[in-house]
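Down below is the structure, laid out as C-alpha cells.
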Amino acid sequence: MRARWWGTGAVVAAAVCGTLVVQGVSGGDSGHDGKAAAAPVRDRVRSAALDVRGDGTGATLARRDAKPFSMLGVSWEKPSARLAGKVEVRSRAVGSGKWSHWLLLDSDRGAGEQKAARGGTEPAWVGLSDGVEARIDGKATAKLPAGLRLDMITAGGKSTGGDAEPAAYVADGPDDTGEPAVTDTPAPTSEPTDVATTDPAPPQETTAEPSPGESSTEPPAESPSASESTGSTGSTGPTDSASPSDSATPSPSLSVPAAPRSTVPRPPIIPRSGWQADESISPEAPTYIDGRIKAVVVHHTASTNDYTCAEAPSIINAVYTYDVTGLGWKDLGYNFVVDKCGTIYEGRKGGVDLPVVGAHAYGFNSQTTGIAVLGTYVDSPPPMAAMASVARLAAWKLGQYGVQPDATVTLTTALSGQNLAGRTWEPGEEMTLPAIHGHRDGYNTLCPGDAFYAALGTVRTLAAGPVTGLTLGAVTGTGTVGTTPYTNGPLTVSWSTATPASLISSFRVLVDGRTAATVAGSATSAKLTLPAGTHKVQVEAVHQSGRTATSATRTVVVDTTAPTFTTKPNLSLRTGTVSTTAVPLTLGWKAADNVSLKETRLTAPLARTYGPTVTSAAQTAKSGAATAWTLRAYDTLGNSASASVSGTPVILQETSATRSGTWTTKSSTSYLGGRSLGSSTKNASLTWTFTGRSVAWVVSRASTSGQADIYVDGTRLTTADLKSSTTAYRDALWTRTWPTSAKHTLKIVVRATAGRPAVTTDGIVYLK
C-alpha cells in the first residue's frame, strides 16, 4: 500500500516496517566526514489524545491546527499491547495548506525495549506540517489498547509560537472529506527558540495520557554527552538486563567487552555525532550481548526513497527522537543505518565494534545485530551502493565472531512468535536461519520489503564472496590475427565485475598460471610485459573474505620477430616514355612475416605505402645519377625490417652504336639529344655494348614504322614491331633484365617490312 504527500517538499510511502519518512527534512545538517557537529539536534514531542469509541474498537483525532511538526506516530500505554486494526493519519503542509491523503501506519514496530514506556506504530515523516487528523479502525473482536495518543515531533527543536500556547482546534468537517473545515486561527509567523525544561521526567516515565489539547514533552537540558561510541569502549555506567524477549539467551555482561578482531576490513562508519544525536535524552548505558553475534537482521525503514542523502542524518535523528522521547526506549532501535547512497551510520550507541544489544528483532535482539536501510523496498531493491554497504557491514560484524555471511545459524527463540511465512514458535525453540536474513524471517512483518527480501541472496554473496561477474575485457597494446591477440611489447589487460570494488581486496593477473601482476581491488586493468612466446592470461579476483574467482583464459602471443625480405629489393627497366629526368623503372621485392605481414613502406627517395600482397611498383629515376631505394616491411605487431637497392640509369644514344648498312640522321627536339637514326635498308643494323643488369631499346613510332629483329649477346630473341596508331617519341619499346649485372651486347637489324620499312631509334638505356 502507498500514500502520497501533497505538502511542501514531501513524498510519502506506506509504512510496512521500520520508519515512514518523507523528503522535506528539517533540523540540522551534518556532513559525512565523521566529524562531530557543532551542536546536537534538539527535537521535541507534543501529543494529543485520541477519542475512543464507546465499544473500544475505534478512535479518532479530529482535524486540528497544530504547532509545526515534521513527524508523527500513534502510541499507547502498554508496550506489550498489540493494536489490531488500521491506523491512518494525514497532515497539512505548512505554506501550501494542502492536506495529504490518508497514510497507513504499521501498527506494530516489531521490536521491544525492556523499559519502554509505551507501545507505538511506525513513525511517519511528513515534512513541515501544521495540521493533523487521525483515525483507527479496530477489529470488532479486539478492543484498542488504552492511552492512545498522536505524537508529533518537531525536528531540530524548531517551533512557532510560545511553548505555553495551546494549539487551536479547527471545526470538524464531514468525515472522509479531502479538505478540513476552514479555521479562523491565524497562521504562526514567528519561530522563537524552544526553551528546554530544566528538570524533565525520564522518557520512560512520560506515560500519562495527555489532555484533549496538546501536551508537550521536551528533551532535558543539555548535559555532557556520552563519549563518542565508535571505538571499542562504551559508557561505563551500570547496564540493564536483557529485554524479556531475550530471556532465553545468556544475560548481558555487566562490563564493556573487548572488541573482537574481524576477518574482513571494517567499512567507514559515520558516528552518532554525524547525525547530531542528542545524547542527553538517552543517558542509559548500552547493554552488551554476553556471547557472540550470530546473525545480522536486515530492515528497511519504510520511508520514502525520494530523499537526498544529505538529509539522511535528519531522518535518523527523527526516528531516534520518536523511539526515545515518544516511546521511552533507551536509544534508537537499530544498531546501524545505511542510506541509499551507501553511507553507513552508527545507530544505537555502545561502540560499533562491540556486541551492542539493539531493539530491532523481537525475541532475537541478544543474538543479532540490526541494519536498516532508509527507504521502502517493496517494488524494487535498494541501489547497489546501499546493498554493498550492508554486505560490507554484515561481513565485518559477522567476521568478528567467525560466522560466514552465507552460512546458516541456529538462533534460540526467547518468546512465542510468528513470522510472515506463517511459522510459529514457542520460547526456547531453535530456529535455523541464514546468517544474513530479513526481519520478516523472525517476525510477522513485510520488512525489509518484497524486493529487498528477494535480493538478500545477492547481499549474502556480496558479503561472503567470491567476486561475481568477473569478465576479462580488452587486451590493448596488441594486434589481432584471427581471434588471437598478438603483441611485441607491453600490453594492458582489463576486466570488469558485478561485485562492487569496495568488497574486493585485490586482483591478480595470471600468466600461464603464475602471478604476473597484483593490483588493488579498485583497479580495472593492469600492465604487463611478457616474454616471447604463446601465453595463457587470466585475472583472479580476491574478495575481502579471501575467496577467489578466476576469469576465462585468453591466449596472447608475444612476437618480436621482424618481417623478412624473401626477395631483396631490385630494380629493372620498364617500357614507357624516356627522358633524361625520368627513366621508367620497376622496383620489385617480396616481404613475409612469421605471423602476419601488415604493409611495406617505401621510405626513400620518396614515401609510399603498399599492402601486404604488393610486390612491385612503377617508379622513375634521373639518368646518369645513382638513386638508393629503401623499403621497410611491417608486421601486424609493429615489428619491422628494412632493405634497399641502388641503381643508375644510363642512356646510350644511337651515335654510340656500331652501324652497318645505311642510316640517316634525323633532328628534332622530340628525340633524345635532339637527334635519331633511321633506316629502311634491309639488314641495316646497330650494335651497343654495355655492362648492366637491365636494358631497354628506345625508338620513335608511327603508323608507317616497320619491324626489327633484336639480338642479345649474338642470339636473336624477338622481332619488335614499331608500328603505332599514334606518333610516339623516346618510347622504350622492349626491355630485358638479368639477375646480376654483366657485360652484354644489344643488336637491332632492320627487316625492311613491305609497305613500312622504316625504323627510327633513339638509342638504348641500361641500368648499372
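The values are calculated or read from the model by the stated rules, or taken from the named source; none is laboratory data. If you're wondering where the values come from, they're calculated on a predicted model, not measured in any experiment. All Cβ positions, even for glycine, are placed from backbone atoms using ideal geometry, and neighbour counts span all protein chains on display. Ligands, DNA and RNA are excluded from the accessible area calculation, which covers all protein heavy atoms including side chains. Shrake-Rupley method; radii C 1.70, N 1.55, O 1.52, S 1.80 Å.
Just the protein heavy atoms count here, and of the accessible area of the range 513-670 at 1.4 Å, carbon and sulfur take up 47 percent.
Over the range 262-315, what percent of the accessible surface lies on carbon and sulfur atoms, probe 1.4 Å?
54 percent
For the range 522-535, backbone phi angles converted through the Karplus equation (6.51, -1.76, 1.60; θ = phi - 60°) give residue-by-residue couplings of 8, 6, 10, 7, 8, 9, 9, 10, 10, x, 4, x, 9, 10 Hz, Gly and Pro being listed as x.
Give me the percent relative contact order of the range 603-751, please, defined on Cα pairs under 8 angstrom at least 6 residues apart.
On the way: 273 pairs, mean separation 30.2, N = 149.
Relative contact order for the range 603-751 comes out at 20 percent.
Available extension along the chain between Thr308 and Thr524 is 74.8 nm, counting 0.36 nm per residue and deducting the alpha carbon span. With all pairs of different alpha carbon atoms counted, what Kirkwood hydrodynamic radius in Å does the range 612-658 show? Computed over Cα pairs of the range 612-658, the Kirkwood hydrodynamic radius comes out at 13.8 Å.
Near the amide H of Leu585, within less than 5 Å, lie the amide hydrogens of Arg574, Gln619, Thr620, Ala621, all on another chain or at least 5 residues away, with H placed in the peptide plane.
Restricting to Cα atoms and excluding each atom paired with itself, what does the Kirkwood estimate give for the range 491-562 in Å?
12.7 Å
Could you do me a favour and compute the accessible area per residue for the range 317-473, 1.4 Å probe, result in Å²? Could the numbers behind the result be given before it?
Working: 3910 Å² over 157 residues.
So the range 317-473 comes to 25 Å² accessible per residue, rounded to a whole number.
Between Thr603 and Lys682, the contour length at 0.36 nm per residue exceeds the alpha carbon distance by 23.5 nm. For the range 557-608, the equivalent ellipsoid derived from the Cα gyration tensor has semi-axes of 31, 11, 7 Å, listed largest first.
Hey, could you get me the Stokes-Einstein D for the range 524-664, Kirkwood radius over alpha-carbon pairs, 4 °C and 1.567 mPa s, rounded to whole µm² s⁻¹? Write out the running numbers ahead of the final one.
Numbers: Rh = 19.4 Å.
Rounded, D is 67 µm²/s.
Taken along its principal axes, the alpha carbon cloud of the range 289-432 reaches lengths of 43, 34, 33 Å, longest axis first. Radius of gyration (Cα atoms) of the range 432-500, expressed as a multiple of 2.2 N^0.38 Å: 1.90.
Residues in the range 650-667 carry Karplus couplings, in order, of 10, 9, 10, 6, 4, 5, 8, 8, 7, 9, 9, x, 9, 10, 10, 7, 10, 10 Hz; the curve used is 6.51 cos²θ - 1.76 cosθ + 1.60 with θ = phi - 60°, and Gly or Pro positions show x. For Lys330, the lysines whose Cα comes closer than 18 Å to its Cα, not counting residues fewer than 8 places off in the same chain, are Lys78, Lys115, Lys349.
With an 8 Å Cα cut-off and a minimum separation of 6 or more residues, compute the relative contact order for the range 380-525 in percent. It would help to have the intermediate numbers written out before the result.
Details: 222 pairs, mean separation 27.4, N = 146.
Relative contact order here is 19 percent.
Length gain on complete extension for the stretch Met384 to Thr691, per 0.36 nm per residue less the alpha carbon to alpha carbon distance?
On the way: separation 307, 0.36 × 307 = 110.52 nm, distance 8.32 nm.
Value of the extension gain: 102.2 nm.
Taking amide H as placed 1.01 Å from N in the peptide plane, the amide H of Gly473 sits under 5 Å from that of Ser494, Trp495, Ser496, each at least 5 places away or on another chain. Looking at this model, which pairs from Lys622/Lys682; Lys666/Lys747; Lys527/Lys590; Lys666/Lys723; Lys622/Lys666; Lys590/Lys768 are more than 28 angstrom apart at the alpha-carbon? Beyond 28 Å between Cα atoms: Lys622/Lys682; Lys527/Lys590. Ligands, DNA and RNA excluded, the heavy atoms of Glu426 present near 100 Å² of accessible surface to a 1.4 Å solvent probe.
Given a cut-off of under 8 Å on Cα pairs at least six residues apart, what relative contact order in percent is computed for the range 682-767? Don't skip to the end; give the middle numbers.
Working: 224 pairs, mean separation 41.5, N = 86.
The value is 48 percent.
Between rounded, prolate and oblate, where does the range 410-551 land on the alpha carbon gyration tensor, with a ≥ b ≥ c its root eigenvalues, rounded for a/c under 1.5, else prolate if a/b exceeds b/c? Can you show the working numbers first?
Working: a/c = 4.57, a/b = 3.43, b/c = 1.33.
Taking the square roots of the gyration eigenvalues as a ≥ b ≥ c, the range 410-551 is prolate.
Can you tell me the FRET efficiency between Leu717 and Thr471 if r is taken as the Cβ-Cβ distance and R0 is 56 Å, rounded to the nearest 0.05? Can you show the working numbers first?
Working: r = 68 Å, r/R0 = 1.21.
The formula returns an efficiency of 0.25 here.
Annotation: amide H-H contacts under 5 Å for Gln276 (H modelled 1.01 Å from N, sequence separation of 5 or more, or interchain): Ala37.
Sequence neighbours fewer than 8 away in the same chain don't count; with that in mind, list the lysines whose C-alpha is under 22 Å from Lys67. Lys67 reaches Lys98, Lys158.
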